[in-house]
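The structure appears below as structure tokens.
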There are 2 protein chains.
Amino acid sequence: MNVAAEVQAKGKLAREAARTLANLNTARKNEALLAMARALEEEKDFILEANARDMAAGKEKGLSRALLDRLLLNEKRIQDMAVSLRELVALPDPVGEVTSMWTRPNGLQIGRVRVPLGVIGIIYEARPNVTVDAAGLCLKTGNAVILRGGSEAFNSNRALTRVISRAATAAGIPEGAIQLIETTDREAVNLLLRANEYLDVLIPRGGAGLIRTVVENATVPVIETGVGNCHVYVDAAADLEMARNIVINAKTQRPGVCNAMETLLVHEKVAAEFLPSLAEALKEKGVVLRGCERTRELVPWAEAATEEDWATEYLDLILAIRVVDSFEAALEHIHTYGTKHSEAIVTSNYQTAREFLARVDAAAVYVNASTRFTDGYEFGFGAEIGISTQKLHARGPMGPEQLTTFKYIIFGSGQIRQ
Amino acid sequence: MNVAAEVQAKGKLAREAARTLANLNTARKNEALLAMARALEEEKDFILEANARDMAAGKEKGLSRALLDRLLLNEKRIQDMAVSLRELVALPDPVGEVTSMWTRPNGLQIGRVRVPLGVIGIIYEARPNVTVDAAGLCLKTGNAVILRGGSEAFNSNRALTRVISRAATAAGIPEGAIQLIETTDREAVNLLLRANEYLDVLIPRGGAGLIRTVVENATVPVIETGVGNCHVYVDAAADLEMARNIVINAKTQRPGVCNAMETLLVHEKVAAEFLPSLAEALKEKGVVLRGCERTRELVPWAEAATEEDWATEYLDLILAIRVVDSFEAALEHIHTYGTKHSEAIVTSNYQTAREFLARVDAAAVYVNASTRFTDGYEFGFGAEIGISTQKLHARGPMGPEQLTTFKYIIFGSGQIRQ
């Protein structure tokens, strides 16, 4: 089958499946999730064998150790996928919730009811666990999904999709609810980007390059995810012990993710007291520092930061540091270089805290907490398909609710418009 | 100034204005709306003079009478614009509303607060009242707006924008909150479509051609509006008197708008009783009928409908009619040809009504009421910027709330992630 025919056939099948999925009851969807979890456990050898082929090809291609680690599956990781499917069962089903209902003067009763988006396209890079997580969350929310994973994980993704989609179908889920584009031909991505007839939304998950390609070329509506150039601003009125803990956590607890801090802003009034000992602590954790001139007066061994540093999402143990004259200067810096993901202030001043919350434009704005909490699980959503950095539809961590839309249902008794 | 420089300069100014607008209090915004209304009244001669130039050019160009009527301004129409601005004052301000707030086990308090989208681009065709309506609604919701109207209304739009933006600025609204692209160069549209740095969302308002161009070429997120191939299905269990009133209303009350009915579906069991007298009534109203074969057995003078008719949004006094075997056949027809705008059933059967509401995928699904109610005012939103036919972010009539997004505000006491 050529790639255009494959995308079209799978798109049609997904569109049909979505019609049935939209009205499946929660019990049926939950049974399918449990069946999928069981199938992963029962067919782990089939999955591991496929993954071994990807790993061998990856080593031959000279993939980095980090990439190979992301690609690797083992019993523990398959077990984790099964657990995450079972956790979805416990979550409330957002579909069918009437979020408001009102009656108009003419007697028309208008309700707003949550419904699935329909067919969701997910384009992602190496991690094979995305295959299972995304399929599970889409099923829970009554959406059909078309997956397109990275070529390095091709065999793993195919094996995972076969196992879970077969289990889902056997549990009464319509065929076509969970599909993978089974070609490494890059043309498949181009076709998905313009498959408005079949896809209601596209969610790219991966590096900045992938996301840019999708945003630039898609005609299907996109939810942009991922890029986080996050700041922590330590105010003149900060509790410096608290600030130290938050800064170290936001930078080092998991530096490779989008909600990690990339630049530290420090008010000049507390810089001399705060920075030298903080710098030592960060150095011990292996963090490379790149400071402005005033930072380097206090921490002479820090490298010199350039304009580029302020704009860079390192995703690594590197931290840019800037001493600012004022709260306003911190806001300006964040406005200029931030990516509207997660921004934090450490302050004990009531007015400053309120101003920061009101004036910083980002998905998540924190007072006295680490930026690392921007996450569907940490927010209490119970699951996550990514973190939106755009403003339309979904902002910040996307849980089950963000994979739904709504329709208006109107109960009349013969009303006509005057 | 060349067109690229204009779009860039206005984009930057709008972006700056949006920062201030986001935190203006409601009283200030309302005062500005009142000042804008007064200015329209006071400077009506200036506006009418500009409109006269557009009208003269339009007549010379041979615009249709319908188009000229849409273009025309007079004292009454200017007064209507002023009234609609004043009505916005009475509406609740959605900005700042905390729609939910919860506390996590670690003590983090997470709130979801409504904020403006930021900068909204609106690309529209002839009607100059859109200039004022859109600017007013964007201001009410704390958004900056960049308007790009049709070239036929160029002078009218420029005069209107000058009058209202000057009044707004004098009332303390930042410069750049309301701007019009002041060139008829079509390149301006192409630049707006890709102005991701300056625009948070684009809303096209106009014909199918305009909307297609925007969806196909925009990299800025778009809210698609407008196309409505709407159906009324008269069920076997319908109250036929009610059905007759609804069908006549949905087709003839205002045929040129997107929520008017375009195809009537009738269950075979009631077709013989229902169609002949309905057809006479529609004929009296000047409606041209295009029927399937079974319709034409009952209404011999109806034209023969073709496949194309089922897919056509006439926006005119033309109605396609199809007799269907069953409720399922009606659902299939709507699924195949509908545009997910507004769909209605007339039935007195409880189960059939519920099935229709659950299984029809459209922004507004009606039981026993005319499709003509899909409208921000009729829904009680108090204003409307268009009717979304996509599923992301906004669906159906877009009122003030749909011009907002949200951010999470998180109150901590030193929390770090484990």
Plugging the Cβ-Cβ distance of B:E293 and B:E175 into 1/(1 + (r/R0)^6) at R0 = 51 Å yields, to the nearest 0.05, a FRET efficiency of 0.20
Would you list, by chain and number, the lysines whose Cα falls below 19 Å from the Cα of A:K340, excluding same-chain residues fewer than 8 positions away? A:K251, A:K391, B:K12, B:K407
Tell me, what is the FRET efficiency for A:N23 and A:N196 to the nearest 0.05, using R0 = 30 angstrom and their Cβ-Cβ distance as r? 0.80
Under the helix-only model (-39500 (n - 2.57) for each DSSP H run of 4 or more, divided by the residues of chain A), the mean residue ellipticity at 222 nm, to 500 deg cm²/dmol, is -13500 deg cm²/dmol
Expressed in nm², what is the orientationally averaged projection area of the convex hull enclosing the Cα positions of the protein assembly as shown? 36.6
Could you give the distance between the Cα centres of segment A:299-377 and segment B:253-288, to the whole Å? 61
Using the 7 Å Cα-to-Cβ label point, sort the distances from A:E87 to its equivalents in the other copies shortest first and give them in nm to one decimal. 4.9
Computed over segment B:79-191, Kirkwood Rh from alpha-carbon pairs, angstrom: 15.8
State the residue of chain B whose Cβ is nearest the axis carrying B onto A, and the distance in whole angstrom. B:H393, 2
Give a quick list of trypsin sites (Lys or Arg not before Pro) in segment A:135-188 that DSSP marks as loop, anything other than H, G, I, E or B, with at most 15 other Cβ atoms within 10 Å. A:R186
Scale the Cα Rg of segment B:230-373 by the rule-of-thumb value 2.2 N^0.38 Å and send over the ratio, two decimals. 0.91
Roughly what angle does helix A:44-61 make with the longest principal axis of chain A, taking Cα atoms, 0 to 90 degrees, to the nearest 10? 50
What is the distance in Å between the Cα centres of segment B:180-199 and segment B:1-75? 16
When Rg is the radius of gyration of the Cα atoms in chain A and Rh is its Kirkwood radius, what does Rg/Rh come to? 1.03
Computed magnitude of the charge dipole of the protein assembly as shown (debye, nearest 20; Cβ of K, R +1, Cβ of D, E -1): 460
Under the rule of at least 5 residues apart or a separate chain, name every residue whose amide H is placed under 5 Å from the amide H of B:L180. B:L147
Chain B: longest stretch without exposed chymotrypsin sites (Phe, Trp or Tyr not before Pro) (DSSP loop, at most 15 other Cβ within 10 Å), sites themselves excluded? B:1-300
Between helix B:26-42 and chain B, what is the angle of the helix's C-alpha long axis to the longest principal axis, kept within 0 to 90° and rounded to the nearest 10? 80
State the antiparallel share, in %, of DSSP beta bridges confined to the protein assembly as shown, rounding to the nearest 5. 25
Helix B:129-140 vs. chain B, principal-axis angle (Cα, 0 to 90°, nearest 10): 60
How far is B:D185 from the same spot in each other copy, in nm, shortest first, if each label point sits 7 Å from Cα toward Cβ? 4.2
For B:V257, inter-copy label distances in nm, listed shortest first [label point 7 Å out on the Cα-Cβ vector]: 4.9
Could you give the nm distance between label points at B:A66 and A:W102, where each point is 7 Å from its Cα heading toward the beta carbon? 3.3
Under 30 Å from the Cα of A:K44 - lysines, other chains or at least 8 residues apart: A:K10, A:K29, A:K59, A:K61, A:K76, A:K140
Summarise the partner chain shielding of B:109-122 as one whole number: the mean count of Cβ atoms from other chains within 10 Å of each residue's Cβ. 2
Would you mind checking segment B:134-153 for residues with the amide N under 20 Å from a putative spin-label position 7 Å along Cα→C-beta of B:T184? B:147-153
Under 16 Å from the A:L34 label point (7 Å along Cα→beta-carbon), backbone N, segment A:167-209: A:167-173
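Values in this text are rule-based calculations from the coordinates and carry no lab data. Just so you know, these numbers come straight off a predicted model, no measurement behind them. Backbone-built Cβ (ideal geometry, glycine too); neighbour counts: all protein chains shown.
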